[in-house]
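Working notes, beginning with the structure itself.
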Amino acid sequence: MKNNKHTGSAGEQHAVDFLTRSGYEVLERNWRFRHWEVDIIASRNGKLHFVEVKTRTSHRFGHPEESITMEKMRHLRNAAEEYQYRHPEWKYIQFDVLAITFQDNILKEVFLIEDVYF
């Protein structure tokens, strides 16, 4: 991968593809509210999913999901509250993490952690 931004963009595209193949409908990508951002907002089975995507090119510094901080999850929750306020038809929400690892520019691993609590 060329740089962190390219790695992140490639990871998010693979995340969208993975979620679509898994029966999710992707509603938003990189949805912003103030200075907070949700990587992917998707729906499946009547539930709204706020998905944080983390991508790495190796496990040298740990798995992608290990880099998510409590502050990041708090920001995700704040953005989700605003999205739900704007879209009150969604009564059920869930927070998920999608960890993606590339090795030598080849997709190596996709790991979905569903219903994350923080």
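Tell me, yes or no, whether the range 65-87 has at least one residue that is at pLDDT below 90 and polar (S, T, N, Q). Yes, because at least one residue in the range 65-87 is at pLDDT below 90 and polar (S, T, N, Q).
Screening Asp17 on (1) under 28 Å from Gln103 (Cβ atoms); (2) within 13 Å of the chain's Cα centre (by Cα); (3) buried (at least 16 other Cβ atoms within 10 Å of the Cβ) shows it passes everything except condition (3).
Which residues, taken from the range 63-80, are of a type in the set (Asp, Glu) and under 14 Å from Val51 (Cα atoms)? Residue satisfying the conditions is Glu65 alone.
Of everything in the range 23-56 that is at pLDDT below 95 and not in a strand (DSSP E or B), the residue that is farthest from Glu109 (Cα to Cα) is Arg34. Report yes if some residue within the range 18-33 is in contact (Cβ under 8 Å) with a residue 12 or more places away in the chain, in contact with a Lys or Arg (Cβ under 6 Å, 6 or more places away or on another chain) and over 21 Å from Gln84 (Cβ atoms); otherwise report no. Yes - at least one qualifying residue is present in the range 18-33.
Scanning the range 58-73 for residues that are loosely packed, with under 13 Cβ neighbours inside 10 Å and under 14 Å from the mean Cα position of the chain (by Cα) yields Glu66, Thr69. Could we say that Asp104 is modelled with pLDDT under 90 and either farther than 19 Å from Glu12 by Cβ or over 11 Å from the mean Cα position of the chain (by Cα) (or both) here? Considered against the rule, which asks whether it is modelled with pLDDT under 90 and either farther than 19 Å from Glu12 by Cβ or over 11 Å from the mean Cα position of the chain (by Cα) (or both), Asp104 comes out as yes. Condition (residue is outside any helix (DSSP H, G or I) and in contact (Cβ under 8 Å) with a residue 40 or more places away in the chain) applied to the range 77-91: is it met by at least one residue? Yes, the conditions are met somewhere in the range 77-91.
The values are calculated or read from the model by the stated rules, or taken from the named source; none is laboratory data. None of the values given here were measured: they were computed from a predicted structure. Heads up, the Cβs are rebuilt from the backbone with ideal geometry, glycines too, and the neighbour counts pull from every protein chain shown.
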